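Asker: Sharing a structure, written as structure tokens. Questions coming.
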Amino acid sequence: MSAANENAPVLILLGPPGAGKGTQARKLEEKFGLVQLSTGDLLRAAVAAGTDAGKAAKAVMEAGELVSDDIVIAILRDRLADPDCARGVILDGFPRTTVQAEALDALLAENGQKINAAISLEVDDAAMVSRISGRYTCGKCGEGYHDEFKQPAKDGVCDKCGGTDMKRRADDNAETVGSRLVAYHAQTAPLIAYYKGKGSLKTVNAMLGIDEIAGNLNAIVEDAIA
Ligand code: AP5
């Protein structure tokens, strides 16, 4: 983590698949000038590039299970060392296990950094299947959309960059979403108690509309990085 400085904010977004971690991380990135680090995006890039890590991760991701801690921690460690991360980061989808949380603590300690806030996006499982099955993303800039909840102003054209290559993820189907929710409750939900014990846990009601959640998150983040 040589790129970071000790005052650079570190925010964590916790929540099950479809909770809105990516949607809100992109908004926080724009508002606060931080860098969104999504381990899901980093892993999908590794799969597309055909790296050893990507080859090992592909089938695991398609099954909706968690990729091994060793692979994910190595990918995150490398990305955190990039110069842009010295501005501060929003971790989206990491950590997802207690082993990953402890590894993050150790990485941050190397730079004298700390977690400013671990924010849990609280949602009902039942709503997640419809959120995920309606999701698509601009293939050019990564902006996320939804068939029902967040449509671009012009059908098929990205509001942010004008791109027209909209993509749907291979793991966004009802069966895999079920496995991803099981993995979340078994392996990731215990992190809520982990961060509560450290005094860094914040919670938001993520069943509200996207902009209302963003307003509530902005208040938490302003306080956490002050
Ligand atoms: P990852 O890419 O992290 O997926 P995920 O955690 O399952 O989360 P999602 O990206 O599906 O959802 P999100 O919370 O970002 O929701 P979004 O904002 O898109 O991980 C994929 C896989 O990679 C994992 O299954 C695992 O295999 C592997 N992996 C990744 N990290 C790992 C790690 N650390 N360790 C091990 N394995 C790892 O929103 C969803 C949709 O809902 C969008 O269409 C959006 O427009 C809409 N929406 C958002 N908010 C609202 C709202 N408030 N109301 C209505 N609609 C909304």
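Asker: Within region 16-41, can you find the residues that are out of contact with any strand residue (DSSP E or B) (no Cβ under 9 Å at 6 or more places or on another chain) and either buried (at least 21 other Cβ atoms within 10 Å of the Cβ) or among the hydroxyl-bearing types (S, T, Y) (or both)? Steps first, answer last, please.
Answerer: Applying the first criterion (out of contact with any strand residue (DSSP E or B) (no Cβ under 9 Å at 6 or more places or on another chain)) to region 16-41 yields 17, 27, 30-31, 33.
P17, the sole residue that qualifies.
Asker: Suppose we filter region 74-99 for residues that are open to solvent by 10 Å² or more (accessible area, probe 1.4 Å), near the ligand (Cβ under 8 Å from one of its atoms) and touching a Gly at 6+ places or on another chain (Cβ under 7 Å); how many remain? So that I can check it myself, show each step before the final result.
Answerer: At the first step, the residues of region 74-99 found to be open to solvent by 10 Å² or more (accessible area, probe 1.4 Å) are 74-75, 77-79, 81-84, 86-87, 92, 96-99.
Of the ones still in play, those that are also near the ligand (Cβ under 8 Å from one of its atoms) are 92, 96-97.
If we keep only those that are touching a Gly at 6+ places or on another chain (Cβ under 7 Å) as well, we get 92.
Here the count works out to 1.
Asker: Here's another thing I want to ask about it. So in region 194-226, with the set limited to residues that are over 22 Å from V89 (Cα atoms) and of a type in the set (A, V, I, L, M), which one is most open to solvent (accessible area, probe 1.4 Å)?
Answerer: This residue is M207.
Asker: Only one of these conditions is not met by A19: (1) free of Cβ contacts under 8 Å to residues at least 12 places away in the same chain; (2) outside any helix (DSSP H, G or I). Which number is it?
Answerer: (1)
Asker: Being more than 18 Å from A109 (Cβ to Cβ), more than 13 Å from the chain's Cα centre (by Cα) and among the polar types (S, T, N, Q) narrows it down to one residue among T98, T23, T39, T51; which is it?
Answerer: Details: T98 fails: more than 18 Å from A109 (Cβ to Cβ); T23 fails: more than 13 Å from the chain's Cα centre (by Cα); T39 fails: more than 13 Å from the chain's Cα centre (by Cα).
Step by step, each of T98, T23, T39, T51 is checked, and only T51 is more than 18 Å from A109 (Cβ to Cβ), more than 13 Å from the chain's Cα centre (by Cα) and among the polar types (S, T, N, Q).
Asker: Go through region 57-74 and give me each residue that's within 13 Å of A170 (Cα to Cα), touching a residue at least 24 places away in the same chain (Cβ under 8 Å) and not charged (D, E, K, R). Full working, then the answer.
Answerer: Step one: list which residues in region 57-74 are within 13 Å of A170 (Cα to Cα), which gives 58-64.
Now restrict to residues that are touching a residue at least 24 places away in the same chain (Cβ under 8 Å): 61-64.
Selection gives M61, A63, G64.
Asker: Find all pairs meeting these conditions: Cβ atoms under 8 angstrom apart; at least six residues apart or on different chains; first residue within region 204-226 and acidic (D, E); second residue open to solvent by 40 Å² or more (accessible area, probe 1.4 Å).
Answerer: Within 8 Å, no pair qualifies.
Asker: Of the residues E65, E110, E102, which single one is open to solvent by 40 Å² or more (accessible area, probe 1.4 Å), at negative phi and in contact with a helix residue (DSSP H, G or I) (Cβ under 8 Å, 6 or more places away or on another chain)? Walk me through how you get there before you give the answer.
Answerer: Working: E110 fails: in contact with a helix residue (DSSP H, G or I) (Cβ under 8 Å, 6 or more places away or on another chain); E102 fails: in contact with a helix residue (DSSP H, G or I) (Cβ under 8 Å, 6 or more places away or on another chain).
Of the residues listed, the single one that is open to solvent by 40 Å² or more (accessible area, probe 1.4 Å), at negative phi and in contact with a helix residue (DSSP H, G or I) (Cβ under 8 Å, 6 or more places away or on another chain) is E65.
Asker: Any idea which of (1) farther than 16 Å from Y184 by Cβ; (2) open to solvent by less than 10 Å² (accessible area, probe 1.4 Å); (3) in contact with a helix residue (DSSP H, G or I) (Cβ under 9 Å, 6 or more places away or on another chain); (4) modelled with pLDDT of 95 or more is the one A8 doesn't satisfy?
Answerer: So the condition that A8 fails would be (4).
Asker: Please work out which residue is nearest to the ligand (Cβ to nearest atom), limiting yourself to region 166-181 and to residues that are more than 12 Å from M61 (Cα to Cα) and aliphatic (A, V, I, L, M).
Answerer: L181
Asker: Anything in region 182-212 that is hydrophobic (A, V, I, L, M, F, W, C), assigned to a helix (DSSP H, G or I) and either under 12 Å from S120 (Cβ atoms) or more than 9 Å from the ligand (Cβ to nearest atom) (or both)? List them, or say none. Talk me through it step by step, then tell me what you get.
Answerer: Filtering region 182-212 down to residues hydrophobic (A, V, I, L, M, F, W, C) leaves 182-183, 186, 189, 191-193, 201, 204, 206-208, 210.
Keeping just the survivors that are assigned to a helix (DSSP H, G or I) gives 182-183, 186, 191-193, 210.
If the condition is that a residue be hydrophobic (A, V, I, L, M, F, W, C), assigned to a helix (DSSP H, G or I) and either under 12 Å from S120 (Cβ atoms) or more than 9 Å from the ligand (Cβ to nearest atom) (or both), then V182, A186, L191, I192, A193 are the ones that fit.
Asker: Taking the conditions exactly as written (farther than 17 Å from K21 by Cα, hydrophobic (A, V, I, L, M, F, W, C) and over 17 Å from the mean Cα position of the chain (by Cα)), does A219 satisfy them or not?
Answerer: Working: farther than 17 Å from K21 by Cα: no; hydrophobic (A, V, I, L, M, F, W, C): yes; over 17 Å from the mean Cα position of the chain (by Cα): yes.
For A219, the condition - farther than 17 Å from K21 by Cα, hydrophobic (A, V, I, L, M, F, W, C) and over 17 Å from the mean Cα position of the chain (by Cα) - is not met.
Asker: Would you confirm whether any residue within region 144-165 is among the polar types (S, T, N, Q), outside any loop (DSSP other than H, G, I, E, B) and more than 11 Å from the ligand (Cβ to nearest atom)?
Answerer: Initial filter on region 144-165 (among the polar types (S, T, N, Q)): 151, 164.
Retained after the next criterion (residues that are outside any loop (DSSP other than H, G, I, E, B)): none.
So far as region 144-165 goes, no, none of its residues is among the polar types (S, T, N, Q), outside any loop (DSSP other than H, G, I, E, B) and more than 11 Å from the ligand (Cβ to nearest atom).
So that you can scan it fast, the table gives a plain yes or no per residue for (1) more than 11 Å from the ligand (Cβ to nearest atom); (2) of a type outside the set (D, E); (3) over 21 Å from Q187 (Cβ atoms):
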| position | (1), (2), (3) |
| --- | --- |
| G20 | no, yes, no |
| T23 | no, yes, yes |
| K31 | yes, yes, yes |
| G40 | no, yes, no |
| A59 | no, yes, no |
| E62 | no, no, no |
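The values are calculated or read from the model by the stated rules, or taken from the named source; none is laboratory data. All values derive from a computational prediction rather than experimental measurement. Neighbour counts are summed over all protein chains in view; Cβ atoms, including those assigned to glycine, are modelled from backbone coordinates with ideal geometry. Keep in mind that these areas ignore ligands, DNA and RNA; they rest on the heavy atoms of the full protein, side chains included. Shrake-Rupley method; radii C 1.70, N 1.55, O 1.52, S 1.80 Å.
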